[in-house]
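In what follows, a single structure is set out as structure tokens and then discussed.
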Amino acid sequence: MYFIWYVIIGIVAGFVAGKLMRGGGFGLLVNLVVGIVGGVLGGWVFGLLGIAATGIIGSLITSIVGAILLLWIVSLLKKPDAY
């Protein structure tokens, strides 16, 4: 049951992160996947910093931060468009 909550929170986080990032991210489907992966990344980063987020709101904030971080890293690695 908890796995389903993690997926739902990741999907919401990917959607929010895509809206917050300049340029809207990489599309709805990719942002949803990024949100799920971002939840793991956010949990790891918060763990390194010694921050513990509990509950649904804490998990959502952790996932959003991780998704934004992941979208930022991917945008740095994305090849710029040729003019």
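The values are calculated or read from the model by the stated rules, or taken from the named source; none is laboratory data. Predicted model only: the values in this text are computed from it and were never measured. Cβ: placed from backbone, ideal geometry, glycine included. Neighbour counts: every protein chain shown.
Structure notes:
- From 74, 65, 34, residue being among the β-branched types (Val, Ile, Thr) and farther than 14 Å from residue 10 by Cα: 74
- The helices (runs of 4 or more DSSP H) found wholly in the chain and carrying at least 1 residues that are of a type in the set (Phe, Trp, Tyr), surrounded by 12 or more Cβ atoms within 10 Å (Cβ to Cβ) and at pLDDT below 80 occupy 2-20.
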